[in-house]
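Report on the following structure.
The values are calculated or read from the model by the stated rules, or taken from the named source; none is laboratory data. Note that this is a predicted model, so its numbers are computed, not measured. So basically every Cβ, Gly included, is an ideal-geometry build from the backbone, and we count neighbours across all protein chains shown. Side chains are part of the model used for accessible areas, which takes the heavy atoms of the whole protein and leaves out ligands, DNA and RNA. Shrake-Rupley method; radii C 1.70, N 1.55, O 1.52, S 1.80 Å.
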Amino acid sequence: MTSQQQIITIVILAVITFMTRALPFLVFPAGKPTPKYIQYLGKALPLAVFGMLVVYCLKDVQWLEGMHGIPEVVGILACVIMHVWRRQLFLSMAVSTAVYMILIRVMV
């Protein structure tokens, strides 16, 4: 890419990023109540995203070969245990990721 193309790309991405941040405030002003379907999506989508992440993470696990999915299962269990214990999403994800990364390095 030339310098001019890079500058144009950066400007376009900056405008798009700004618009995606500003759009909810334009569509749903502060004085109006949030529509029920948006409230529903705000409650349902995080769980759906986590469900898809679990499926995505486990789709290529070789259950009958190698480590038999032990690091993945232990990582998921660590996430569940941490979340039930502390109720902090970031902590649950960080600890389970660390457990998984340690296990895939140690169990080779």
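Numerical summary
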{"item": "Only one of Ile102, Ile70 that is more than 15 Å from Leu53 (Cβ to Cβ), in contact (Cβ under 8 Å) with a residue 12 or more places away in the chain, open to solvent by 70 Å² or more (accessible area, probe 1.4 Å) and of a type in the set (Val, Ile, Thr)", "result": "Ile70"}
{"item": "Search result, residues across region 24-63 that are over 21 Å from Val74 (Cα atoms) and in contact with a Gly (Cβ under 9 Å, 6 or more places away or on another chain)", "result": "Thr34"}
{"item": "Top-ranked residue in region 49-65 [being touching a helix residue (DSSP H, G or I) at 6+ places or on another chain (Cβ under 8 Å) and assigned to a helix (DSSP H, G or I); ranked as most open to solvent (accessible area, probe 1.4 Å)]", "result": "Cys57"}
{"item": "Subset of region 18-48 that is open to solvent by less than 70 Å² (accessible area, probe 1.4 Å) and within 19 Å of the chain's Cα centre (by Cα) - its residue that is nearest to Leu89 (Cα to Cα)", "result": "Pro46"}
{"item": "Meets criteria (modelled with pLDDT of 90 or more and more than 23 Å from Ser96 (Cα to Cα)) for Leu23", "result": "yes"}
{"item": "Qualifying residues in region 77-87 (those that are open to solvent by 90 Å² or more (accessible area, probe 1.4 Å) and either more than 17 Å from Leu103 (Cα to Cα) or among the β-branched types (Val, Ile, Thr) (or both)) - the one modelled with the lowest pLDDT", "result": "Arg87"}
